[in-house]
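The values are calculated or read from the model by the stated rules, or taken from the named source; none is laboratory data. Quick caveat, the model's predicted, so the values are computed rather than measured. Note: ideal-geometry Cβ built from the backbone for every residue, glycine included; neighbour counts use all protein chains shown. Note: areas computed on protein heavy atoms with side chains; ligands, DNA, RNA excluded. Shrake-Rupley method; radii C 1.70, N 1.55, O 1.52, S 1.80 Å.
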Protein chains: 2
Amino acid sequence: MDLHPGLQGPVITRTDSPRIKEASKLSRRAWRTKTRRFLVEGPQAVREALERQRELTPAAVTLPNRTSEDGAPPRPAAGAVLDVWATAEAAQRHPDLLETAAAARVRIRQVIPEVLAQLTDTVASQEIVAVVEHLDVPLGQVVNRDARLLVVLSQVRDPGNAGTALRVADAAGADAVIVTSSSVDVYNPKTVRSTAGSLFHIPVVTGVGLPEVAELARARGLQVLAADAHPPAHDLHVPWDTGLDLSARTAWVFGNEAWGLPEADRAVCDAAVAIPLYGKAESLNLATAASICIYESARNQQV
Amino acid sequence: MDLHPGLQGPVITRTDSPRIKEASKLSRRAWRTKTRRFLVEGPQAVREALERQRELTPAAVTLPNRTSEDGAPPRPAAGAVLDVWATAEAAQRHPDLLETAAAARVRIRQVIPEVLAQLTDTVASQEIVAVVEHLDVPLGQVVNRDARLLVVLSQVRDPGNAGTALRVADAAGADAVIVTSSSVDVYNPKTVRSTAGSLFHIPVVTGVGLPEVAELARARGLQVLAADAHPPAHDLHVPWDTGLDLSARTAWVFGNEAWGLPEADRAVCDAAVAIPLYGKAESLNLATAASICIYESARNQQV
């Protein structure tokens with residue numbers, strides 16, 4: 001196996017390489033939570049991770065094997081790219097990735113496809129995988145007086161839905177996405193894939209409860225809107241008729257795919273808003289419902 | 001295996017039952033196209049199929065083994081429910097399904113779970129499966145002078161995206177969904193599942209080319225809008241600035257997940273419209289993009 005000139009050797013050919021085995025454990029949520037690391041698959045997502053890394057100062061990318069003066073091992077910076085493995089084919093197809101990696105001071109190690117297969121759960125095996133430090137930020141950092149549009153996912157359980165909603169939030173220019181502790185892990189490989197890179201664009205908060213989020217949002221001057229089809233609810237398309245101002249600073253709360261928002265969750269919101277159903281469908285898929293609500297707020301806030 | 005009182009016996013326990021084997025071939029697109037039948041899985045979708053069947057007159061549900069006077073076997077009515085198989089557990093959990101089936105003059109045969117597993121490709125095996133006649137209608141029937149909102153899927157390849165877009169079209173009160181011949185089969189089990197029953201609510205046209213659709217839509221007075229992020233395009237949120245009237249009767253055209261609408265497809269449309277990207281995301285997932293555009297038209301047409 002020849003070493004690609006843009007990659008770092010030696011070529012890893014053993015599927016039981018200790019560092020690869022260690023990384024493969026990141027397919028489990030418990031291990032991701034313990035190590036605060038996750039896997040990023042595919043050229044697009046790895047590119048976004050590397051681009052974000054470029055914005056970090058060299059000092060911020062603390063090497064994980066260093067220790068600080070007080071003896072506790074310092075964490076790498078949030079979102080730091082710790083390892084990247086790629087096949088020679090990936091390097092050939094995506095020369096820009098090598099440039100971005102160089103600019104981000106990240107080395108890409110060459111592996112054979114069989115080794116990479118240990119790290120991905122996709123049927124179409126990916127050509128490049130990175131290990132990245134968790135990048136969630138504290139709640140108080142994003143729920144502030146400048147925030148105009150926040151997206152809160154409460155008890156969202158489908159990884160694809162969560163990732164797609166996060167991508168929409170990014171597209172609509174939302175300030176942050178808050179994933180409550182009862183929801184899917186935002187670092188689940190399927191969620192990461194569904195965000196199509198947006199996980200590296202928009203601040204994310206995890207591990208908080210909905211009451212805490214709603215209370216802080218209200219205290220910082222945002223209205224907290226529950227997306228909920230059950231009456232009584234404002235109509236998303238004629239909010240003015242019922243005194244709802246969609247151009248106001250808003251935190252949108254979206255509930256579970258199947259059962260929506262339980263009464264207790266709805267009670268901590270200021271108002272419920274329903275997407276009008278003009279046809280015979282009884283409901284919308286969570287990601288499409290979120291996209292309609294978020295974009296309706298973005299539209300009202302722009303104009 | 002006891003027969004459930006609401007189901008029809010004898011209980012089918014053989015996985016190689018000829019009728020089950022015949023139905024299992026419907027997992028293949030070629031066989032679905034040849035027989036003009038498809039599989040409907042799960043209580044929600046089967047319920048919708050049965051509800052639709054109730055609206056058919058008894059005469060319309062021609063038995064497939066009858067022959068017409070000229071010797072050609074007559075087709076069952078579009079959307080006719082030809083077979084339903086359920087486990088005893090399904091009958092127990094969903095007594096309303098038995099009532100709906102009775103009202104629709106459809107008998108449900110009891111099978112054991114292992115037999116039903118022959119018919120589904122879902123990991124979580126379904127408890128009830130139906131064989132249903134294709135229900136697409138001719139293009140001219142839906143592209144008429146009353147149509148206000150049409151959704152056209154061109155070269156959409158992902159079954160889940162197509163189904164989700166169809167569900168959104170139904171929710172938004174669109175008049176029909178047109179799936180061009182270069183797209184995924186709308187009777188693909190994954191597509192059927194993603195529609196969450198909307199396939200039985202809204203007229204669907206298949207097997208037509210985009211130029212033909214655009215030409216007919218224009219002839220019947222609809223504007224044909226390509227959802228396309230590439231300039232020059234109108235901004236979905238400020239259409240008036242560039243002379244676009246979203247309250248006008250509209251046929252929306254959505255392209256492929258990865259490459260969008262090729263230049264030739266865009267050329268047959270009257271105008272291109274882009275969803276504004278206020279954040280850093282470079283694009284939106286097809287189903288979410290479709291939901292934002294379709295609902296924006298619905299909103300403008302309502303007000």
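One table, with the values for the structure above:
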{"read-out": "About the Cα centre, charge dipole magnitude for the range A:122-202 (Lys/Arg +1, Asp/Glu -1 at Cβ), debye", "value": "200"}
{"read-out": "Value of relative contact order over the range A:162-303, rounded to a whole percent, pairs C-alpha under 8 Å and six or more apart", "value": "28"}
{"read-out": "Computed accessible area, A:GLU89, all protein chains, 1.4 angstrom probe, square angstrom", "value": "100"}
{"read-out": "Three principal axis lengths of the range A:1-55 [C-alpha, angstrom, descending]", "value": "37, 32, 16"}
{"read-out": "Interface A:B - total buried accessible surface [probe 1.4 Å, Å², rounded to 100]", "value": "2700"}
{"read-out": "Value of Rg/Rh across the range A:220-272 [Cα atoms, Kirkwood radius]", "value": "0.95"}
{"read-out": "Estimated inter-spin distance, B:GLU212 and A:ALA219, nm [label 7 Å along Cα→Cβ]", "value": "6.3"}
{"read-out": "From the C-alpha gyration tensor of the range B:208-303, square roots of 5λ in Å", "value": "19, 17, 12"}
{"read-out": "Area of A:TYR295 that stays accessible when all protein chains are in place (1.4 Å probe, Å², to 10)", "value": "0"}
{"read-out": "Distance histogram for the protein assembly as shown (every C-alpha pair counted, 20 angstrom bins, percent rounded to whole numbers)", "value": "18, 46, 31, 4, 0"}
{"read-out": "Extended-chain gain in nm, criterion 0.36 nm per residue less alpha-carbon gap, A:THR122 and A:THR13", "value": "37.2 nm"}
{"read-out": "Placed amide H near B:HIS94: partners under 5 Å, 5+ positions off or other chain", "value": "none"}
{"read-out": "Inter-copy spacing of B:LYS25 label points, which lie 7 Å from Cα along Cα→Cβ, given in nm from shortest upward", "value": "5.2"}
{"read-out": "Across the identical copies, how the B:PRO74 labels are spaced - nm, sorted shortest first, 7 Å along Cα→Cβ", "value": "8.3"}
{"read-out": "For the range B:233-243, 3J(HN,Hα) per residue [Karplus equation, 6.51 cos²θ - 1.76 cosθ + 1.60, θ = phi - 60°, Hz, x = Gly/Pro]", "value": "9, 5, 8, 4, 8, 10, x, 4, 4, 10, x"}
{"read-out": "Charge dipole (debye, nearest 20) of chain B; +1 at Cβ of Lys and Arg, -1 at Cβ of Asp and Glu", "value": "760"}
{"read-out": "Amide hydrogen neighbours beyond the local backbone of B:VAL208, cut-off 5 Å, H modeled", "value": "B:SER181"}
{"read-out": "DSSP beta bridge pairing in the range A:183-302, given as percent antiparallel to the nearest 5", "value": "10"}
{"read-out": "Considering only the protein assembly as shown, percent of DSSP beta bridges that pair antiparallel, nearest 5", "value": "30"}
{"read-out": "Square roots of five times the Cα gyration tensor eigenvalues for chain A, Å", "value": "39, 20, 17"}
{"read-out": "Share of carbon and sulfur in the accessible heavy-atom surface of the range A:224-303 [1.4 Å probe, %]", "value": "55"}
{"read-out": "Fraction of antiparallel bridges per DSSP, chain A only, in percent to nearest 5", "value": "30"}
{"read-out": "Cα long-axis angle, helix B:210-219 against chain B (0 to 90 degrees, to the nearest 10)", "value": "70"}
{"read-out": "Gap separating the Cα centres of the range A:88-131 and the range B:70-107, nearest whole Å", "value": "51"}
{"read-out": "Per-copy distances of the A:ASP245 label point, shortest first, in nm (7 angstrom along Cα→Cβ)", "value": "3.2"}
{"read-out": "Order of exposure, largest accessible area first, which applies to B:ARG193, A:ARG266, B:ARG14 with probe 1.4 Å", "value": "B:ARG14, B:ARG193, A:ARG266"}
{"read-out": "Label point distance in nm, A:TRP240-B:ALA264, each placed 7 Å from Cα along Cα→Cβ", "value": "4.6"}
{"read-out": "Heavy atoms of A:LYS34: accessible area, 1.4 Å probe, square angstrom to 10", "value": "150"}
{"read-out": "In order through the range B:90-98: 3J(HN,Hα) via Karplus (6.51 cos²θ - 1.76 cosθ + 1.60), integer Hz, x for Gly, Pro", "value": "4, 4, 6, 6, 10, x, 4, 5, 5"}
{"read-out": "Part-to-part distance (alpha-carbon centres) for the range B:147-212 and the range A:137-190, which is given in Å", "value": "29"}
{"read-out": "Interchain or long-range residues, amide H under 5 Å from B:GLN223's placed H", "value": "B:ARG249, B:THR250, B:ALA251"}
{"read-out": "Mean separation of Cα contacts under 8 Å (6+ apart) over length of chain B, as relative contact order %", "value": "18"}
{"read-out": "Lys/Arg +1, Asp/Glu -1 at C-beta; chain B dipole; positive extreme among B:ALA23, B:VAL143, B:GLN302", "value": "B:ALA23"}
{"read-out": "Accessible-area order (highest first, 1.4 angstrom probe) of the listed residues B:LEU98, B:LEU277", "value": "B:LEU277, B:LEU98"}
{"read-out": "Rounded to the nearest 20 debye, dipole of the range B:211-303 from Cβ charges on Lys, Arg, Asp, Glu", "value": "260"}
{"read-out": "Relative contact order for the range A:76-129, counting Cα pairs under 8 Å that sit 6 or more residues apart, in percent", "value": "44"}
{"read-out": "Label-to-label distance, nm, for residues given as A:SER181 and B:ASN144 (7 Å Cα→Cβ offset)", "value": "5.8"}
{"read-out": "Carbon plus sulfur fraction of accessible area for the range B:116-220, probe 1.4 Å, in percent", "value": "46"}
